[in-house]
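Dumping the structure here so I can ask a few things about it.
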Amino acid sequence: MKKAEIKLKIELDDQNIPDNITWESTDSANKEAVPAKAFMLAIWDHNYQNTLKIDLWTKEMPIDEMKRFFYETLMTMGDTFQRATGETAIVEDLRDYCAHFAEKMEITQK
């Protein structure tokens, strides 16, 4: 069985606010840690039937990048949900909301 490991390293300041975030994967062609300004991790806990989550961002994460990060995360969550469930109609509703979000946040869609 193939295995891969993802490592996140968080450097905190004296008030426990992230200064630096890096990540790396054993399954990546890039063997060096890659810097990041934010991440969100969600894990489904089957035993407790709830989501465990971590979301962190550095002090250097600009608001405009955070807005795009949320927009792109919502869009990819829709893609994932559609692949996992086949629920096309509700995903189209989510995409409509994402377009509304992008307009309200003045995000240019790429």
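State to the nearest 20 debye the size of the charge dipole of the chain about its Cα centre, where the only charges are +1 on K and R beta carbons and -1 on D and E beta carbons. Please list the in-between numbers first.
Working: 14 positive and 21 negative charges, 68 e Å.
Its charge dipole is roughly 320 debye.
Using a 7 Å offset from the Cα along the Cα-to-Cβ direction at both residue 16 and residue 95, what is the distance between the two label points in nm, to one decimal?
So the label points at residue 16 and residue 95 sit 4.2 nm apart.
Another question about this same structure. Below 19 Å Cα-Cα, how many Lys pairs turn up in the chain? Only count pairs eight or more apart in sequence, or on different chains, if you could.
The number of close lysine pairs in the chain is 15.
With a 1.4 Å probe and all protein chains left in place, how much accessible area per residue does the chain have, in Å²?
On the way: 8870 Å² over 110 residues.
Normalised by residue count, the accessible surface of the chain is 81 Å².
Something else: Once mean projected area of the Cα convex hull in nm² is worked out from the coordinates, which option in (1) 10.1; (2) 7.5; (3) 6.9 does it equal?
Recomputing mean projected area of the Cα convex hull in nm² here picks out (1).
Shifting gears a bit: Putting +1 on Lys and Arg Cβ atoms and -1 on Asp and Glu Cβ atoms, find which of 25, 81, 42 reaches farthest to the positive end of the dipole of the chain.
Towards the positive end, the residue furthest out is 25.
State the extension gain, in nm to one decimal, for the chain segment bounded by residue 43 and residue 85, taking 0.36 nm per residue of separation less the distance between their alpha-carbons. Working shown, then result.
Numbers: separation 42, 0.36 × 42 = 15.12 nm, distance 1.75 nm.
Taking 0.36 nm per residue and subtracting the Cα distance, the gain is 13.4 nm.
Collect residues whose amide H, placed 1.01 Å from N in the peptide plane, falls under 5 Å from the amide H of residue 105; neighbours closer than 5 in sequence don't count.
Correct list: empty.
I'd like the carbon and sulfur percentage of the solvent accessible area for the chain, probe radius 1.4 Å, heavy atoms only, ligands and nucleic acids excluded. If you can, show how the numbers build up before the last one.
Working: 4840 of 8870 Å².
Ligands and nucleic acids excluded, carbon and sulfur reach 55 percent.
The values are calculated or read from the model by the stated rules, or taken from the named source; none is laboratory data. All values derive from a computational prediction rather than experimental measurement. Don't worry about glycine lacking a Cβ; one is built from the backbone with ideal geometry, like all the others, and counts go over all protein chains shown. SASA here: full protein model, heavy atoms, side chains in, ligands and nucleic acids out. Shrake-Rupley method; radii C 1.70, N 1.55, O 1.52, S 1.80 Å.
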